[in-house]
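Peer 1: Could you have a look at this structure, given as structure tokens, before my questions?
What follows draws every value from the coordinates through simple rules; no lab data is involved. For clarity, every value in this text was computed on a predicted model and none was experimentally measured. No Cβ is skipped: glycine too gets one built from the backbone with ideal geometry, and neighbour counts run over all protein chains shown.
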Amino acid sequence: MSVSAALPVGLSALTAFLLTWTGVSLLRALAPRWGFIDIPNERSSHQRPTPRAGGLAFVVAVPVVAVAASSCSGIPTFPGEAALLLGGTLVAAVGLVDDRRGLPVRVRLVAYLAAAAILTLGAGWLDELQWPGGPGLVLGWLGLPLTILWIAGLTNIYNFMDGIDGIAAAQAVVAAGAAASLALWVSDGGLALFAAVLSGAAAGFLLHNRPPARIFMGDVGSAFLGYTFAGLAVLSGRAAAAPVPFALWLVLLAPFLFDASLTLAVRVARGERWYEAHRQHLYQRLVRLGWSHLAVTTVYLCADLVLAGIALAYRAIGLDGGSLALATSLPLVGILGLVRWAEGGGATPFIKGRPRGEQQ
């Protein structure tokens, strides 16, 4: 681990945290005046109008702090960072317009695909998929469209999963924080700096978004986070020996990937229109049963922390591919089992009761 990089990385994360926390404080007052307000509807689980587009604060803070910190500390940016920030700005801008007046799904999808193309054509794509201890799957040029679909898909998934107070911000804090630790472990200061800034900024927002949320991040924030994580997985994980191999990004983001993928598979199997809005995600099923947002977010946060520990254990003790897959599956099966148990009538007073103001 690079001790010389740890201090500027930590200070950069703290700066991003403070800048975002301050920015969200301002947006809580200004967002309603600018028309960024979430009015409850029949699909909502919050009960009062709540400001949204609070993610704009970290959309601004992350690139500003990352670039400034790199310049001041002498830690070089990681390869592809400029393309990542450019594409992230595009999806955030489209998300901001969607938060203000709404956009058709096809417009957002085209924007996500365009942003993915910016990253892949400007910085590279996945040309091989590797799982620790197993043979690599060479993709070649097929990797280009698959990478674009991965980036656009995760951008959309993160938007789907930003449905209750704190869940999306907490995932970002843990996943980015673990990635920063893994990068520091192998002295990759550029990746560590960027990931730490992302984690710190998400934490600054989380203080305002924890249950019951006082502001929502909106599409501007969720699209930016999804795109950024997808891009980081591509740029920093294209080799088994990378600071954070692609397989570990799948581990760190597993709760969101699992929930969204399982829900999509079930809807397709039932012949439902998978692209239509719904409330069938695992976390939504718990909320519909009366679980508080705090309880559900805590469940996912615990899974996030366990998976972050698994990723760190992979680096520390060298887990083989089978052990990594088995360990990763346990918290995911635990979430599914918890949902099935709750739907079967299991509950406790601790998890019952939804506070006023909780998010949709």
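Peer 1: Roughly how big is the stretch 47-128's charge dipole about its Cα centre, with Cβ charges of +1 (Lys, Arg) and -1 (Asp, Glu), in debye to the nearest 20? Let's see the in-between values first.
Peer 2: On the way: 6 positive and 5 negative charges, 119 e Å.
Roughly 580 debye, rounded to the nearest 20.
Peer 1: Then there is this: Note down the Stokes-Einstein diffusion coefficient of the stretch 126-214 in µm²/s, whole number, using a Kirkwood radius over alpha carbon pairs, 10 °C, and 1.306 mPa s.
Peer 2: 105 µm²/s
Peer 1: If you wrap a convex hull around the alpha carbons of the stretch 170-305, what volume per residue comes out, as a whole number of Å³?
Peer 2: Enclosed volume per residue, from the Cα hull, is 117 Å³.
Peer 1: Using θ = phi - 60° and the Karplus form 6.51 cos²θ - 1.76 cosθ + 1.60, what ³J(HN,Hα) does each residue of the stretch 223-235 get, whole Hz, x for Gly and Pro?
Peer 2: Once θ is set to phi - 60°, the couplings for the stretch 223-235 become 5, 4, 5, x, 5, 5, 5, 4, x, 4, 4, 6, 6 Hz.
Peer 1: Under a 5 Å amide H to amide H cut-off, with H placed in plane at 1.01 Å, what residues pair with Asp38 once short-range neighbours are removed?
Peer 2: Long-range HN contacts for Asp38: Thr50, Arg52.
Peer 1: Mind checking the log10 I(q)/I(0) for the chain at q = 0.06, 0.11 Å⁻¹? Debye, one equal scatterer per Cα, no solvent, two decimals.
Peer 2: -0.20, -0.71
Peer 1: Okay, moving on. Could you identify which residue out of Ile215, Ile151, Ile335 has the top mean-square fluctuation in a GNM of the chain using Cα springs shorter than 10 Å?
Peer 2: Most flexible of the set in this elastic network: Ile335.
Peer 1: Sticking with this one: Along the charge dipole of the chain, pointing to its positive end and built from +1/-1 on Cβ of Lys, Arg, Asp and Glu, which listed residue (Val234, Ser70, Gly88) has its Cα farthest out?
Peer 2: Gly88
Peer 1: What longest region of the chain stays clear of chymotrypsin sites (Phe, Trp or Tyr not before Pro) that DSSP places outside H, G, I, E and B and that have at most 16 other Cβ atoms within 10 Å?
Peer 2: Answer from the scan: 35-273.
Peer 1: Which whole-Hz ³J(HN,Hα) couplings does the stretch 290-299 yield from phi under the Karplus relation 6.51 cos²θ - 1.76 cosθ + 1.60, θ = phi - 60°, glycine and proline marked x?
Peer 2: For the stretch 290-299, the Karplus-derived couplings read x, 5, 6, 4, 4, 5, 5, 4, 5, 4 Hz, x marking Gly and Pro.
Peer 1: For the chain, what is the mean residue ellipticity at 222 nm derived from helices alone (per DSSP H run of n ≥ 4: -39500 (n - 2.57); sum divided by total residues; nearest 500 deg cm²/dmol)? Mind dumping the intermediate values first?
Peer 2: Working: 13 runs with 242 residues, N = 360.
The helix-only estimate for the chain comes to -23000 deg cm²/dmol at 222 nm.
Peer 1: Given Cβ point charges of +1 (Lys, Arg) and -1 (Asp, Glu) and nothing else, what value in debye, to the nearest 20, does the dipole of the stretch 3-247 about its Cα centre take?
Peer 2: It comes to approximately 660 debye.
Peer 1: What percent do you get for the relative contact order of the chain when only Cα pairs under 8 Å and 6+ apart count?
Peer 2: Details: 603 pairs, mean separation 90.6, N = 360.
Relative contact order comes out at 25 percent.
Peer 1: With the contact rule set at Cα under 8 Å and sequence spacing of 6 or more, what percent relative contact order holds for the stretch 109-255?
Peer 2: Details: 189 pairs, mean separation 41.5, N = 147.
Relative contact order comes out at 28 percent.
Peer 1: State which stretch of the chain is the longest one without any exposed GluC sites (Glu not before Pro), exposure meaning a DSSP loop state and at most 11 other Cβ atoms within 10 Å.
Peer 2: Details: sites that count: Glu42, Glu276.
Answer - 43-275.
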